[in-house]
1. Taking H placed 1.01 Å from N in the peptide plane, check which residues at least 5 places from Val229 or on another chain put their amide H under 5 Å from its amide H.
2. For the stretch 7-50, build the convex hull from the C-alpha positions and give me its volume per residue in Å³.
3. Over the Cα atoms of the chain, Rg to Rh with Kirkwood Rh, two decimal places?
4. Run down the lysines and flag those whose C-alpha is under 18 Å from the C-alpha of Lys253, throwing out any fewer than 8 positions away in its chain.
5. Give me the net charge of Val92's neighbourhood, meaning all other residues with Cβ under 12 Å from the Cβ of Val92; Lys, Arg count +1, Asp, Glu -1.
6. Among Ile293, Ile70, Ile188, what is the fewest-to-most ranking by other Cβ atoms within 10 Å?
7. Step through the table entries Lys247/Lys267; Lys25/Lys314; Lys270/Lys316; Lys2/Lys88; Lys29/Lys128; Lys29/Lys69, compare each Cα-Cα distance with 28 Å, and write down the pairs that go over it.
8. Within the chain, which is the longest segment that contains none of the trypsin sites (Lys or Arg not before Pro) sitting in a DSSP loop with at most 10 other Cβ atoms within 10 Å?
Amino acid sequence: MKKILVTRKLLKENDERIKNLFDVKLNEKDQLYSSEEILELSKDCDGILAFTTTPFNKDMIMNLPDSVKIISNYAVGYGNIDVEAAQKRGIVVTNTPEVLTDATADISILLLLGASRRAYEGRKAAEKENWLWSSDYLIGKQMTGKKLGILGMGRIGRAVAKRARAFDMEIHYHNRNQLSSDLEEGAIYHKDINDLFRNSEFLSINCPGSKDTENLLNEETIKNFPDRVVIANAARGEVIDDDAMIKAMKSGKVFALGLDVYRGEPKINKKYLDLDNLFLLPHLGSATKKTRIAMGDRAIDNLDALLNQNQVPKDKVN
């Protein structure tokens, strides 16, 4: 049997399946392996099932044993892997698209609602047990009938749009390319990202992380939003310039911000934590059992295709 290294702990359903297909080295204690430990553990392995918490930079990939033919990443994103270096080594890199769509779209809506309805402030007030209702107590922003901008109209962005239509929201979006009319379903395309921002009373960030999307929301672009915009990010933390966003949140330009992802996870810019208009989650986008099992199965499928069936994996990214 081909041998696999799994760098973090899988759910038991995935453990059972991968053990039936491979001779596998499981990380049952869910340790955060160092680069040196991974290089040592992978010495006799044919493939690695990796996670976004495991960085595979150029130096590490160049030092992987020749036996390693595939790095199957347990995520849609693969920014933790130097794909170009892997290609030079002849190592296939795969991801797990499609299976996270609904769970992540749910979180995007939760972020918009939690931020706009001041859920963090409400929780703190409720815990003190001394709040007093009044007609203007913790007034938030209502999503119904408002304009929602979606930055990145891929599978997740379209799933967010589907949910937002239940709030009678008018959908606007920016993408590299305009979608076909059947995929748009009435959404309004903006080729210019600042034009999207000008038409976004609410914004959901659902674009992939890359050099092109880094700091898309910065001091200059934030000026284009209507005053008191609500922004949610369930994509990649690097899309937001933190200092510019914090400044806008303090000034009231941004009414509230919902974050499931942020730069430097699990660390966060400490200035955010001084703000009450932040609704914060610890990267829960895919955190349902159904989704996590599906992610594991997809990663295992990719390993099985290449190593056992000698086929090109469905989710090859390089």
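Every number here is computed from the coordinates shown, using simple stated rules; none is lab data. All figures in this text were calculated on a predicted structure; none of them were measured in a lab. Cβ sites come from the backbone with ideal geometry, for glycine too, and all protein chains shown count toward neighbours.
1. Result for Val229 returns Phe255.
2. Convex hull of Cα atoms, per residue: 66 Å³.
3. Ratio of gyration radius to Kirkwood radius for the chain: 1.02.
4. Lys141, Lys146, Lys147, Lys223, Lys271
5. Here the count lands on +2.
6. Exposure proxy ranking, most exposed first: Ile188, Ile293, Ile70.
7. Lys270/Lys316; Lys29/Lys128
8. By the stated rule (loop sites, at most 10 other Cβ atoms within 10 Å), 30-175.
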